[in-house]
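The values are calculated or read from the model by the stated rules, or taken from the named source; none is laboratory data. This one's a predicted model, so the numbers in the text were calculated from it and none came from an experiment. FYI the Cβ positions are ideal-geometry reconstructions off the backbone, even for glycines, and counts take in every protein chain you see.
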Amino acid sequence: MFSEQAAPTAQGLLAPPSAEPPTFPRVPVSGYSDCSQHFQLGERSFSRQYAHIYAVRLAGMRPGLEQRARSRWGNDIALRKLSELQAGEKCCVVGTLFKAMQLQPSILQEISEEHNLVPQPPLPKYIQPSDELILEDELQRIKLEGAIDVQRLVTGTILAVYGSEQDDGRFLVEDHCFADLPPPLPWNGPSSDRFVLLASGLGLGSVSGEALLSTQLLVDVVTGQLGAEGEQSCAAHITRVILAGNLLSQNTQSRDTINKAKYLTKKTQAASVEAVKMLDEILLQLCSSVPVDVMPGEFDPTNYTLPQQPLHRCMLPLASAYATLRLVTNPYQANLDGVRFLGTSGQNISDIFKYSSMDDYLEILEWTLLAGHISPTAPDTLGCYPFYKSDPFILTECPHVYFCGNAPHFQSKLFQGKEGQRVLLVTVPDFSATQTACLVNLRDLTCQPITFSGFGADSED
Amino acid sequence: MEQPRRITDSFPRRRRRGPGRPPGRLKDKKDKDKVQVKVKVKVQDCPHAPSQSPPDPALLEMLRRFDLSWEYGPCTGITRLQRWERAQELGLSPPGPIRDALLEHRDNPDVTYRWVWDGMGW
């Protein structure tokens, strides 16, 4: 792959430089189109309730699910609404899942004065064996039991269950199915090696500056200032860099200025100001050489609810002078050289991690693809804009590369769908913790990690 | 069942809207002695009266039935036209005459916004 191409070609660093230093032009950008228009919000109105987004999600995914149910359990199964159920009759119901969790943080419990409870500290996982699944459709809800994994599923998923209603009013599930992958997109990928660098969690503005050396090494590799001619010629095949969120570190989010007295905090500046200046300088170096797409993340100065809007270009005065800098939304979808990319900065996956028994980020990523929805837990436990017309997180077209940022480790898998879909699932690791970024080869949909590290004071070699 | 007679049938309560405010629900002002009066809040959103004739009660009844029918999704917080168009896009085939009525009485907020019950509701 990347390093294999570099090694045998040309001379190494131990030879004198060649008389005529060669130039390696970067591969030109042949096809780029941004497909995230439905994630961009124009005028925002928060005076709506969230019932609309759930109603639209169910209405939008219902036809596809009914088709899946018919193909799975036979064409002649009875598709019923909950109000039409009869006890004992085997039928199929399509609805939204709700998981009643005892440990789920509830604002009502926190502000309830009768209980005098201390608010619950944040836990890594909020699941408990006593959780229950309830299926809701437009009018009614019913408790589910049977062949369904309560711990694994999360609120907000749309699914079809097959079974019968019992006498005690619960629904006994014999089988269930999700929306499954959407229809595949035609493949127009490049015929030669082209790489896209995915990195996330740069974590600028943190207290320790260890990751800064690795960040600078990353920038130097991409701009071709590192390595011998072999590495430089390989770096010229990188067509794009996507920064998937958390460019600023969590330390910049400290709210001390609110709690301390005004006379102590008068002259202090928010930590994010310095961090954004650093980000601007790094982006300046990158943008002068390669197109960069910057996605906001959980700790970045943009709105909190999904879909996060692009960072404002006034924060990056030096870098936004270049047309190669593109500030994009948080779930980001684009066609790069004929390959459809879709990805988030990881908030959706980490939220599902908290409310489900699934531990592996790649497994959760694959599950969201099979469930047909990028983040089913929005708006229940993940902040979301109150859409009313359509739910933009429903997967309508199958991407070729589906990534999530800020994962604990790097993982990738080529997923084959039943209708010929090929999806490369990539969990991009947090760069400030792992110093690892990913290189995706667009020609054959393979992914390779690339790690930068310096020798620390406590290193053994 | 006939409509209950209210004091506001004879003495309609008019709310004055400030200039430049976007159309929408006005917060209900509670009476001084905390008595909740059942009023139908009439909203005036511009100084000049609408030029068309006021919509007849049968039309308003039809629109109210459109609001309360569950097939087209929740009705709170969005205008009736937005709800109609959303139902159309989702393939739920909402009745056409409703849209014609909504476009015909575009200036009348009683028609375009959701039917408000007891002055509250969103």
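This table checks each residue for (1) acidic (Asp, Glu); (2) assigned to a loop (DSSP other than H, G, I, E, B); (3) modelled with pLDDT of 85 or more.
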position: B:Cys46; (1), (2), (3): no, yes, no
position: B:Ser51; (1), (2), (3): no, yes, no
position: B:Arg65; (1), (2), (3): no, no, yes
position: B:Glu71; (1), (2), (3): yes, no, yes
position: B:Pro74; (1), (2), (3): no, yes, yes
position: B:Ile78; (1), (2), (3): no, yes, yes
position: B:Leu81; (1), (2), (3): no, no, yes
position: B:Arg86; (1), (2), (3): no, no, yes
position: B:Ser93; (1), (2), (3): no, yes, yes
Taking region A:23-44, which residues are touching a residue at least 24 places away in the same chain (Cβ under 8 Å) and among the hydroxyl-bearing types (Ser, Thr, Tyr)? A:Ser30, A:Tyr32, A:Ser33, A:Ser36
From the residues in region A:46-68 that are small (Gly, Ala, Ser) and surrounded by 14 or more Cβ atoms within 10 Å (Cβ to Cβ), which one is farthest from A:Asn441 (Cα to Cα)? A:Ala51
Can you find, within region A:21-41, the residue that is farthest from the other protein chains (Cβ to nearest Cβ) among those that are surrounded by 13 or more Cβ atoms within 10 Å (Cβ to Cβ) and in contact with a helix residue (DSSP H, G or I) (Cβ under 9 Å, 6 or more places away or on another chain)? A:Phe24
Of all residues in region A:148-194 being of a type in the set (Val, Ile, Thr) and touching a residue at least 40 places away in the same chain (Cβ under 8 Å), which is surrounded by the most Cβ atoms within 10 Å (Cβ to Cβ)? A:Val154
Could you run through region A:82-105 and say how many residues are assigned to a strand (DSSP E or B) and closer than 17 Å to A:Leu159 by Cα? 11
For region A:81-102, indicate whether the set of residues that are without any contact (Cβ under 8 Å) to a residue 40 or more places away in the chain, away from every other protein chain (no Cβ under 14 Å), in contact with a strand residue (DSSP E or B) (Cβ under 8 Å, 6 or more places away or on another chain) and farther than 16 Å from A:Leu144 by Cβ is non-empty. no
In region B:67-103, how many are at the interface with another protein chain (Cβ under 8 Å from one of its Cβ atoms) and among the basic types (Lys, Arg)? 1
Of everything in region A:380-419 that's aromatic (Phe, Trp, Tyr), part of a strand (DSSP E or B) and buried (at least 22 other Cβ atoms within 10 Å of the Cβ), which residue is farthest from the other protein chains (Cβ to nearest Cβ)? A:Phe403
Selected residue (criterion: nearest to the chain's Cα centre (by Cα)) from residues of region A:353-366 that are in a helix (DSSP H, G or I) and free of Cβ contacts under 8 Å to residues at least 40 places away in the same chain: A:Ile364
Out of curiosity, is A:Leu248 touching a Lys or Arg at 6+ places or on another chain (Cβ under 7 Å), surrounded by 20 or more Cβ atoms within 10 Å (Cβ to Cβ) and at negative phi? no
Does A:Val339 qualify as being buried (at least 22 other Cβ atoms within 10 Å of the Cβ), over 16 Å from the mean Cα position of the chain (by Cα) and of a type in the set (A, V, I, L, M, F, W, C)? yes
Any residue in region A:106-113 that is without any contact (Cβ under 8 Å) to a residue 40 or more places away in the chain, under 20 Å from A:Thr381 (Cβ atoms), in a strand (DSSP E or B) and hydrophobic (A, V, I, L, M, F, W, C)? no
Per the filter on region A:32-41, residues of a type outside the set (S, T, N, Q) and either in contact with a Phe, Trp or Tyr (Cβ under 7 Å, 6 or more places away or on another chain) or in a helix (DSSP H, G or I) (or both) are A:His38, A:Phe39, A:Leu41
So which of A:Glu231, A:Glu298 is in contact with a helix residue (DSSP H, G or I) (Cβ under 7 Å, 6 or more places away or on another chain), assigned to a loop (DSSP other than H, G, I, E, B) and assigned by the TED database to the domain that holds A:Tyr32? A:Glu298
Tally of residues being more than 29 Å from the chain's Cα centre (by Cα), assigned to a loop (DSSP other than H, G, I, E, B) and away from every other protein chain (no Cβ under 14 Å) across region A:137-165: 1
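One line per residue, one yes/no per condition, for (1) within 14 Å of chain B (Cβ to nearest Cβ); (2) outside any loop (DSSP other than H, G, I, E, B); (3) over 26 Å from A:Phe341 (Cβ atoms):
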position: A:Glu43; (1), (2), (3): yes, no, yes
position: A:Phe46; (1), (2), (3): yes, no, yes
position: A:Gln49; (1), (2), (3): yes, no, yes
position: A:Ala55; (1), (2), (3): yes, yes, yes
position: A:Arg72; (1), (2), (3): no, yes, yes
Scan of region A:365-384 for residues that are hydroxyl-bearing (Ser, Thr, Tyr) and farther than 24 Å from A:Glu66 by Cα, ordered by number: A:Thr381
